[in-house]
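A.B. asks: The structure is given below, and queries will be raised subsequently.
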Amino acid sequence: MTRPVYLVDGARTPFLKAEGKPGPFTPVDLAVQCGRPLLLRQMFDPRALDLVILGCVNVIADEMNPARVAALRLGLGAEMVAFTMQINCGSGMQSIDTAYRYIRDGSHDMILAGGAEALSHAPLTLRQDAVEWFGGMAQAKGPVAQAKALTGLRPDFFKPVIGLERGLTDPITTLNMGQTAEVLAHHFDIDRKTADAYAMESHLRLAKAQEEGWLTDEVMPAFDNDGTVYDHDNGVRPDSNMEGLAKPKPAFERPHGKVTAGNSSQITDGASWVIVASEDAVEKHGLTPLARIVDSEWAALDPKIMGLGPVLASTPLARRNGMDLDDVGLWELNEAFAAQVLACLAAWQHDEFCREVLGLDGAFGRIDRDRLNVDGGAISLGHPVGTSGNRIVLHLANAMRRLDRKTGIATECIGGGLGGAMMLEAV
Amino acid sequence: MIGPVLRHMGETKLELGPATQAAHPWRRGEDNGVVWLVLDCEGSSVNTIARAEIEGLATELDRLEQQPPKGVVIRSAKPAGFAVGADIKQFDDMARDGATDMLRQGHAVLDRLEALPCPTIAVVHGPAIGAGLEIALACERRIAVPGASFGAPEVKLGLHPGLGATFRLPALIDPLEAMTLMLTGKTAHTKKAKSLGIVDEIVRERHIAAAVHAMLEHEADRSLGVKARALKYGGRSLAARQMRNETEKQAPKEHYPAPYRLIDNWEQHGDDRDAMQQAEIDSFTELLDTDTSKNLRRVFFLRQRLKDGPRGADDIAHVHVIGAGAMGAEIAAWAAVKGKRVTLGDVDTAPLGQAVAQTRKIAEGAHLSDIEIRDALDRMVPDPRGYGVAHADLVIEAGPEKVETKRKIYDSVAAQIKPGAILASNTSSLSLDDLKTAAPDIKRFAGLHFFNPVSKMQLVEVVRHNGTDKETITRLAAFCGGIDRLPVQVRDYPGFLVNRALTPYLLEAMVLMDEGIAKEVIDTAAIRFGMPMGPVALADQVGLDIGLHVGDSLKAALDKPLAKISDDLRKKVDKGELGKKTGRGFYDWSQGTPRPDASLDDAPDDLTDRLILPMLDACIECLRKDIVGSADEVDGAMIFATGFPPFRGGPMHYARQRGTEDITARLKNLADRHGPRFAPDRGWSNI
């Protein structure tokens, strides 16, 4: 038995640029900030939810299983089952996909599925040899043994390892994520200027969406304990231009690289939730769905070219549902790097690639910019890794409604060599 | 919020050792030679110490003295705590029948407990207050369960401890700390009590049996460390002088004798236990019979009355507050800190942010733990889109004081408010009659008038108009109880009760200033009467704009003439010098709250009466017009909303004590001299 599954509503925090120190909110704080208004605007008792699933990559020590901590802090009651998912940059979409499959298969009726990430809170860790020294000190008994242990101390023990840097480095290839984008830029001949132009457009589109109020129902203001109010994605640069984007040096491969801080996604904190429901739940609680979740797909490829994940995941998803590229009216393709997005587009237009890798008859086609990331993306908004997958699904649903598009796909590349994609249909 | 499984199991399971058989007031059980005496007062959720409890203890001691066990454990069977103190109702009987004998008997029983040859351990969870503390102090050791608190609040009743704390506490801990605790009446929470030395160990409830066992094992080879601590403390007279100075700032000797007796006893007899004991009994007996103590005990019961007033269970789980101005933010913050789910609506997000910060401040001020502060902040949801209206059991409107604005707010609420929910206005100056026709459900519309700052002012006026149904009023009263505020039920009337009574007091102060009397002199006169703050400083604190608005609207609405509203006040408001909130009003507030202490030698002899008597007269008017139910409620309301001197027992009590004929004569005399605003109300004859 497969049952129809609906995306009913969703909300997120503003995405807040990391300022080089821990931001005002932990992952669970962020999940609470946007979860509270989202649940308040539902007419059903939030305890009618069956399950809470939260994607989160950098879980902090005080919030193990952040899904459960968030559920309790949102007042969902001691009996609310909640678990956290981690598939790196796909975590926030994996939570929706899991909810979708549970409901489709009939075991659940209404699930709160989200993503939360506070990259500004990513920990500083000690070097392994420093950890061993600390362990030895703790075990040393008596002054002599302690003095002896103390002599092992070296100044470089205090040089911390930046957890975020480690997290953004592929452990198999030891390539940084930015370097994987450099690999794609090289393969698909994407130059710096094209990447910068893409990045500029991302900022201008987000600025326009903010100005027009298109994000009002999606972005809930967040309030920190000192009384500061955060009411918009603050990484946006409405005055972004080519001159400015030409300035920064390559971020990952100097001096000749093409990937810069300007044409990459930003390091950001943010959380997002959606409510996923069965037809029964929609009827029972009188809900108005935003969209129907049609299907989803996950794919894997070499970590070194992880940025092509969207191509690998979206193509079979579309084909399986009898669609060609042009039948998909709207795309959210997560902007990890401008070069990486552009590489995906190039791959789909590449006859040989599509034939040999995707098993198509020829090129899949061209996605026009008016169907792609219409209100900006991770380059202007930022990329809180565990959250982005959730945001692109939510925003796809909202943008499909605004632009009156029948079908859409949200898709993302995932560090480690994965891709995720989800198809929505207007209701 | 607890789930069904934990609810079934119970959140705490008290370790009562072998004392499992129910008995009142003391349960007794013996196991392995250790006797557990567990206090369990009949028919109450808390333990209070009265004659029966002391006599019951004496009976147990008879047995223990004959056959001393290995150890004695004393604790409470009430989940609420150890014991909250003496039964204050018995104080009046004691005062009448001669307290000395009864106190001697009580002291003798605790002396016997102290003298038992075996180790004695008090296990304290929750509050051990007053006589509860004193029983614990008579034990050799004290184990505290986290959450336990220890205090001697007798000064708040115009007394000092009477069952031995005045000499046992200074012997147990640093005498200066002991005196401070008793002089301020403050409570020492678990950790503080441990650091002071009141508590020997802090042990979680689940390990009490093991901790008692371990402590008794150790006791076998104990040395007399604790008891042997010298009562000596050099430099007592210097310390006593400093204590008197400190106390004078808070509680002038003229009005509050008890702390000074406590200091005297310690200064004179601090190194002689028996003399301290005798002095404690003597001065306690005398204090019991002072007007101050009688009136403060009266205030204690007034508070109980307001608290327990006619109301049902609190069924308000979610409150939506509209308007994040000073009052709305305070109400929302306070309710969230007290456990309510709160949404706070405002079109502007900046004040919502300020309200979050305010919630944190209040939660920190209430000594909540970091986790409790986080939970309070999670409960306080800033709600710029007003999503909360549709879920709230109670919507409190705290918008601008304009009829049209409020009516518009009600229109928008009407579309969303859920059936059965109450809409209440926090208006202080508008008539509910002018607002009610815009309310979505007239039966469930009422006033809920909080005072500023909500976290400090305990009173809330629950205001009904002639269409409010009774259930709405009792539900609102129950809500006030639920957030630890004191409700007084009043009828719609210009200024309701409290502002009706306070306005002539404030306006008269302005007239006096116009007559050339210095504001410091005026305020000093009020402070000497016992008001916490003079009328000029109070006007500044309330906000001169608000004061002017209330003054104007009352003047227009009341039959009784009010004083002319001073031109100076209008000028100040026009200039934007609004008082505390702008840093300047009549006073300069940059250096903190002004507290003048001027000479009254040249003050007019009718100064104090001109300020105070019109306040009393307005109270009489409210009683006559049935705005408020009883004189006692008036007294409670005025004490808890305005700080009317508690040692005077409230304005109506003060009037009775002074004599209503004396007061009406004085009012007539003032009316002849200063105008008809002083003419006594005709209700005086019914008091």
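Each value in this text was obtained by applying a stated rule to the coordinates, not by laboratory testing. All figures in this text were calculated on a predicted structure; none of them were measured in a lab. With ideal geometry, Cβ positions are generated from the backbone for all residues, glycine too; neighbour counts draw on all protein chains shown.
A.B. asks: Set the Förster distance to 25 Å, then compute FRET efficiency between B:SER195 and B:HIS218 from the Cβ-Cβ distance, nearest 0.05.
C.D. replies: Numbers: r = 21 Å, r/R0 = 0.85.
Rounded to the nearest 0.05, the efficiency is 0.75.
A.B. asks: Taking a ≥ b ≥ c as the square roots of the Cα gyration tensor eigenvalues, with a/c under 1.5 meaning rounded and otherwise prolate when a/b beats b/c, else oblate, which class fits the range B:364-515?
C.D. replies: The shape class here is oblate.
A.B. asks: Report, in degrees rounded to the nearest 10, the 0 to 90 angle that the Cα long axis of helix B:631-642 makes with the longest principal axis of chain B.
C.D. replies: Taking the Cα atoms of chain B, the angle to B:631-642 is about 90 degrees.
A.B. asks: Here's something else I'd like to know. Relative contact order for the range B:318-491 using alpha-carbon pairs under 8 Å, separation at least 6, rounded to a whole percent?
C.D. replies: On the way: 354 pairs, mean separation 35.1, N = 174.
Answer for the range B:318-491 is 20 percent.
A.B. asks: Once phi is turned into θ = phi - 60°, what whole-Hz ³J(HN,Hα) does the Karplus curve with 6.51, -1.76 and 1.60 give for every residue of the range A:69-82, x standing for Gly and Pro?
C.D. replies: Along the range A:69-82, the couplings run 4, 5, 4, 5, 5, 7, x, 7, x, 4, 8, 7, 6, 8 Hz.
A.B. asks: Which residue, chosen from A:THR173, B:ALA335, B:ILE522, occupies the Cα position most advanced towards the positive end of the dipole of the protein assembly as shown, where the dipole is computed from +1 (Lys, Arg) and -1 (Asp, Glu) charges on Cβ about the Cα centre?
C.D. replies: The listed residue farthest towards the positive side: B:ILE522.
A.B. asks: Let me ask something else. Bins of 10 Å, beginning at zero and ending with the bin holding the largest distance: percent of Cα pairs per bin for chain B, please.
C.D. replies: Final binned percentages: 3, 14, 22, 23, 20, 13, 5, 1, 0.
A.B. asks: Run the quick spin-label model on A:ARG166 and B:GLU42: label points 7 Å from Cα toward the beta carbon, then report their separation in nm to one decimal.
C.D. replies: In this crude spin-label approximation the distance works out to 6.8 nm.
A.B. asks: Follow-up. Note down the nm distance, to one decimal, between modelled labels 7 Å out along Cα→Cβ at B:ASN452 and at B:GLU515.
C.D. replies: Result for the modelled spin labels: 2.9 nm.
A.B. asks: Give the angle, between 0 and 90 degrees and rounded to the nearest 10, that separates the Cα long axis of helix B:236-250 from the longest principal axis of the Cα atoms of chain B.
C.D. replies: So the inclination is approximately 30 degrees.
A.B. asks: What is the distance in Å between the Cα centres of the range A:197-211 and the range A:78-118?
C.D. replies: The range A:197-211 and the range A:78-118 have Cα centres spaced 30 Å from each other.
A.B. asks: May I ask you to derive the relative contact order of chain B, considering only C-alpha pairs under 8 Å and at least 6 residues apart, and to give it as an integer percent?
C.D. replies: Details: 1230 pairs, mean separation 56.4, N = 687.
Taking the mean separation of contacting Cα pairs over the length of chain B, I get 8 percent.
A.B. asks: Amide H neighbours of A:GLY376 under 5 Å, counting only residues 5+ apart in sequence or on other chains, H built in-plane at 1.01 Å?
C.D. replies: Distant-sequence amide H within range of A:GLY376: A:LEU206.
A.B. asks: Among rounded, prolate and oblate, which fits the range B:55-189 when a ≥ b ≥ c are the square roots of the eigenvalues of its C-alpha gyration tensor, a/c under 1.5 means rounded, and a/b larger than b/c means prolate? Walk me through the numbers on the way to the answer.
C.D. replies: On the way: a/c = 1.55, a/b = 1.14, b/c = 1.36.
Oblate, because a/c is 1.5 or more while a/b does not exceed b/c.
A.B. asks: Determine ³J(HN,Hα), in whole Hz, for all residues of the range A:320-326 in sequence, where each value follows from phi through the Karplus function 6.51 cos²θ - 1.76 cosθ + 1.60 and θ = phi - 60°; x replaces Gly and Pro.
C.D. replies: Computed from phi, the couplings for the range A:320-326 are 4, 9, x, 10, 9, 4, 6 Hz.
A.B. asks: Going by how many other Cβ atoms sit within 10 Å of their own, how do A:MET85, B:MET533, A:MET177 line up, fewest first?
C.D. replies: Values: A:MET85 21, B:MET533 18, A:MET177 27.
If I rank by nearby Cβ atoms, fewest first, I get B:MET533, A:MET85, A:MET177.
A.B. asks: Looking at the square roots a ≥ b ≥ c of the eigenvalues of the Cα gyration tensor of chain A, which shape do they give, rounded for a/c under 1.5, prolate if a/b is larger than b/c, or oblate?
C.D. replies: Working: a/c = 1.67, a/b = 1.18, b/c = 1.41.
Because a/c hits 1.5 or more and a/b fails to exceed b/c, chain A counts as oblate.
A.B. asks: Net charge near B:ALA188: determine it from the other residues with C-beta under 13 Å of the C-beta of B:ALA188, scoring Lys and Arg +1 and Asp and Glu -1.
C.D. replies: Working: positive: B:ARG142, B:LYS186, B:LYS191, B:LYS192, B:LYS194; negative: B:ASP174, B:GLU177.
Taking every Cβ under 13 Å from that of B:ALA188, the sum is +3.
A.B. asks: Output the 0 to 90 degree angle, nearest 10, between the alpha-carbon long axis of helix B:370-379 and the longest principal axis computed from the alpha carbons of chain B.
C.D. replies: 30
A.B. asks: If you don't mind, another one. Grab the DSSP H runs of chain A that are 4 residues or longer, score each as -39,500 (n - 2.57), total them, divide by all residues and round the 222 nm result to the nearest 500 deg cm²/dmol. Let's see the in-between values first.
C.D. replies: Values: 15 runs with 157 residues, N = 427.
Mean residue ellipticity at 222 nm (helix-derived): -11000 deg cm²/dmol.
A.B. asks: In whole angstrom, note down how far apart the Cα centers of the range B:1-74 and the range A:31-47 are.
C.D. replies: Rounded to whole Å, the Cα centres lie 46 Å apart.
A.B. asks: Another question about this same structure. Using modelled amide H (1.01 Å from N, peptide plane; none on Pro or chain starts), what sits under 5 Å from the amide H of A:LEU333, excluding residues fewer than 5 places away?
C.D. replies: When sequence neighbours closer than 5 places are left aside, the close amide H contacts are A:ASN373, A:THR411.
A.B. asks: Then there's this: Just want to confirm a number: the relative contact order over chain A, from Cα pairs under 8 angstrom separated by 6+ residues, in percent. Please list the in-between numbers first.
C.D. replies: Numbers: 1004 pairs, mean separation 113.6, N = 427.
Contact order relative to length: 27 percent.
A.B. asks: Another question, if that's okay. Which distance in nm do the two modelled labels at B:ASN245 and B:MET9 give, with both placed 7 Å along the Cα-to-Cβ direction?
C.D. replies: Inter-label distance under the simple model: 5.6 nm.
A.B. asks: Provide the net charge surrounding A:GLY420, with neighbours chosen by a C-beta distance below 14 Å and charges set as Lys +1, Arg +1, Asp -1, Glu -1.
C.D. replies: Residues near A:GLY420 contribute -3 overall.
A.B. asks: Here's something else I'd like to know. Report the calculated FRET efficiency for A:ASP327 and A:PHE158 (r = Cβ-Cβ distance, R0 = 51 Å), to the nearest 0.05. Please report the intermediate quantities before stating the final value.
C.D. replies: Values: r = 58 Å, r/R0 = 1.13.
So, using R0 = 51 Å, E works out to roughly 0.30.
A.B. asks: Compute and list, largest first, the equivalent-ellipsoid semi-axes of the range B:325-440 from the alpha carbon gyration tensor, each √(5λ) rounded to a whole angstrom.
C.D. replies: 26, 14, 12
A.B. asks: Just give me a number: lysine pairs in the range B:14-289, eight or more positions apart or cross-chain, with C-alpha atoms less than 18 Å apart. The partial results should precede the final answer.
C.D. replies: Numbers: B:LYS89/B:LYS156; B:LYS156/B:LYS186; B:LYS156/B:LYS249; B:LYS156/B:LYS253; B:LYS186/B:LYS194; B:LYS186/B:LYS249; B:LYS194/B:LYS227.
Number of lysine pairs found: 7.
A.B. asks: Follow-up question, since we're still on this one. Subtract the Cα-Cα distance of B:ASP111 and B:GLU55 from 0.36 nm times their separation in residues, and report this length gain in nm to one decimal.
C.D. replies: On the way: separation 56, 0.36 × 56 = 20.16 nm, distance 1.34 nm.
Computed gain between B:ASP111 and B:GLU55 is 18.8 nm.
A.B. asks: Which whole number gives the average, over all residues in B:350-358, of C-beta atoms from other chains lying within 10 Å of the residue C-beta?
C.D. replies: Partner Cβ neighbours, averaged per residue: 5.
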